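Okay, handing you the structure first.
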Amino acid sequence: MVEHLHILRLGHRGDGIAETPTGAVYVPYTLPGETVEAETLAGHPDRRQLLRIEAPSPERIAPICPHFGICGGCAIQHWTEQRYRAWKRDLVVHALAQMRIDAAVGELIDAHGEGRRRAVLHARRGGHDIVEVGFAGLRTHSIVAIDHCPVLAPSMAGAIPAAWAIAEALKAHGKPLDIHATGTDAGLDIDVRGSGALDSAQTGALARLAETRRVARITRHGELVIQRAAPTIRMGDIPVLLPPGAFLQATAKAEATLAQLVANHAGKAKIIADLFCGLGPFALRLAARARVTALDNDAAALAALARAAAAPGLKPVDIDKRDLFRRPLSAQELDRFDAVIFDPPRQGADAQAREITGSKVLTVIAVSCNPATFARDARILLDGGYRLGAVTPVDQFRYAAHVEIVARFER
């Protein structure tokens, strides 16, 4: 069924929202004030597929990518920068308001920098047995084949052609592949997932591919296939050898921005806990002036951090493998720290936040990639006697509906 809808506002995923007699419906790639023609989607009563913009907003601009509106990677390339930035900052404001938190939210910091230094490309067999490589379409498993992505950093140059070549080399398996590519100082680091075991011919093909396409390393589910050079990045002044498929902030600019905000909030703290530390983007910088205890459940990341932390000029970094969701650092264990940083995955860290409220820690620095769980954890800290100071939103996922947050809590 085709409907004519008036878009009132944008939701937290970047979809336009229209009100109908049966409730709110969501229409991607639309803007507030627009009148659009859309059709219903089977099985999704609150979602619509955009057919045509009948009355465009004066704030609508041309997207930078020809795949926008088909590829599911970007939600908002079609809005003026000023309105886009205000909307993204409001994601944080609204999440805090939902938890009855009145806080001064700073201006959004643009941390796109040179672009994204990591991406996951998908390879699937399409019609007529043709391999397609690209990103998933919006809320679908179908693949939008691409040969270029304008949001990738220069260090990712060659990642898309390399992914196409890998898909061709492994197409005899007939399996869907997820190709994790990271731009490093030595070239591309690629981890291939989904291929199954490789025979000698396929291993040889990947080795030749690495030589011709500036690929530093290729692994399969973390197992080494070929390494031409050590895939390292620098965290501050410290080189870090990446584990295969390692998580790191999507842009180098965002990592540096978040780390600087954390360091500013930590102030003169001499003993610091870095919870959910990952590879150590905070710990390695802070160790230049403070003693740091770094905890995470990712053994490979901790091993990489331990190697990096042995660099001369750093104070000791104590490293502990621990599942902080199941066994958060207790209030008694926290008492010895001057400051605590916690940077959990999207689900947040409510159990750890509750332990923090029972501790004597004076300064808590929360880093988050999810406004909703950040607001929930902030509510726990506030109810436990902390005061919320600076809240800074950081935009590393330009054109997407994701925002990072750094905040300082004090007793």
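The values are calculated or read from the model by the stated rules, or taken from the named source; none is laboratory data. Predicted model only: the values in this text are computed from it and were never measured. Note that each Cβ is placed from the backbone with ideal geometry, even for glycine, and that neighbours are counted across all protein chains shown. Only protein heavy atoms, including side chains, enter the accessible area calculation; ligands, DNA and RNA are left aside. Shrake-Rupley method; radii C 1.70, N 1.55, O 1.52, S 1.80 Å.
I'm told Ile61 meets every condition in (1) free of Cβ contacts under 8 Å to residues at least 40 places away in the same chain; (2) in contact with a Gly (Cβ under 8 Å, 6 or more places away or on another chain) except one. Can you identify the failing condition by its number?
Evaluating Ile61 over (1) free of Cβ contacts under 8 Å to residues at least 40 places away in the same chain; (2) in contact with a Gly (Cβ under 8 Å, 6 or more places away or on another chain) leaves (2) as the failure.
Exactly one of (1) in contact with a strand residue (DSSP E or B) (Cβ under 9 Å, 6 or more places away or on another chain); (2) assigned to a loop (DSSP other than H, G, I, E, B) is unmet by Ala119. Its number?
(2)
Name the residues in the stretch 233-272 that are among the small types (Gly, Ala, Ser) and out of contact with any helix residue (DSSP H, G or I) (no Cβ under 7 Å at 6 or more places or on another chain), would you? Explain how you work it out, then say what you get.
Of the residues in the stretch 233-272, the ones among the small types (Gly, Ala, Ser) are 236, 245-246, 250, 252, 254, 256, 259, 263, 266-267, 269.
Gly245, Ala250, Ala252, Ala254, Ala256, Gly267, Ala269, listed by residue number.
Give me the strands (runs of 3 or more DSSP E) completely within the stretch 288-399, filtered to those with at least 3 residues that are surrounded by fewer than 21 Cβ atoms within 10 Å (Cβ to Cβ), ordered by residue number.
Values: elements: 291-296, 317-321, 339-342, 363-368, 387-395.
Counting at least 3 such residues, we get 317-321, 387-395.
Restrict the check to the stretch 194-201 and report whether at least one residue is open to solvent by less than 10 Å² (accessible area, probe 1.4 Å) and farther than 30 Å from Ala353 by Cβ.
First, pick out the residues of the stretch 194-201 that are open to solvent by less than 10 Å² (accessible area, probe 1.4 Å): 195.
Imposing the further condition that a residue be farther than 30 Å from Ala353 by Cβ reduces the set to 195.
There is at least one residue in the stretch 194-201 that is open to solvent by less than 10 Å² (accessible area, probe 1.4 Å) and farther than 30 Å from Ala353 by Cβ.
Within the stretch 51-60, how many residues are over 11 Å from Thr30 (Cβ atoms) and either surrounded by 15 or more Cβ atoms within 10 Å (Cβ to Cβ) or aromatic (Phe, Trp, Tyr) (or both)?
Adding up the residues that qualify gives 1.
Could you look through the stretch 375-399, keep only residues that are of a type outside the set (Asp, Glu) and within 17 Å of the chain's Cα centre (by Cα), and pick out the one that is farthest from Ile365 (Cα to Cα)? Break it down stepwise before answering.
In the first step, residues of the stretch 375-399 are kept if they are of a type outside the set (Asp, Glu); the result is 375-376, 378-382, 384-394, 396-399.
Imposing the further condition that a residue be within 17 Å of the chain's Cα centre (by Cα) reduces the set to 392-394, 396-399.
On the way: Thr392: 11, Pro393: 14, Val394: 15, Gln396: 19, Phe397: 22, Arg398: 24, Tyr399: 27 Å.
Selected residue: Tyr399.
Determine which single condition Thr20 fails, assuming it passes every other condition in (1) open to solvent by 20 Å² or more (accessible area, probe 1.4 Å); (2) under 29 Å from Glu404 (Cα atoms); (3) more than 25 Å from the chain's Cα centre (by Cα).
Checking Thr20 against (1) open to solvent by 20 Å² or more (accessible area, probe 1.4 Å); (2) under 29 Å from Glu404 (Cα atoms); (3) more than 25 Å from the chain's Cα centre (by Cα), the one that fails is (2).
While we're here: Select from the stretch 223-236 the residues that are touching a residue at least 40 places away in the same chain (Cβ under 8 Å) and open to solvent by 20 Å² or more (accessible area, probe 1.4 Å) and list them in ascending order.
First pass over the stretch 223-236, keeping only residues touching a residue at least 40 places away in the same chain (Cβ under 8 Å): 228-236.
Matches in the stretch 223-236: Arg228, Ala229, Ala230, Thr232, Arg234, Gly236.
Could you go through the stretch 96-105 and let me know if any residue there is modelled with pLDDT of 95 or more, open to solvent by less than 60 Å² (accessible area, probe 1.4 Å) and of a type outside the set (A, V, I, L, M).
Scanning the stretch 96-105, I find no residue that is modelled with pLDDT of 95 or more, open to solvent by less than 60 Å² (accessible area, probe 1.4 Å) and of a type outside the set (A, V, I, L, M), so the answer is no.
I need a count of the residues in the stretch 122-154 that are surrounded by 14 or more Cβ atoms within 10 Å (Cβ to Cβ) and assigned to a loop (DSSP other than H, G, I, E, B). Can you show your working first?
So the first thing to find is which residues in the stretch 122-154 are surrounded by 14 or more Cβ atoms within 10 Å (Cβ to Cβ), and the list is 122-125, 131-138, 142-146, 149-153.
In the following step, the residues that additionally are assigned to a loop (DSSP other than H, G, I, E, B) were identified as 138, 142, 146, 149-151, 153.
Total satisfying the criteria: 7.
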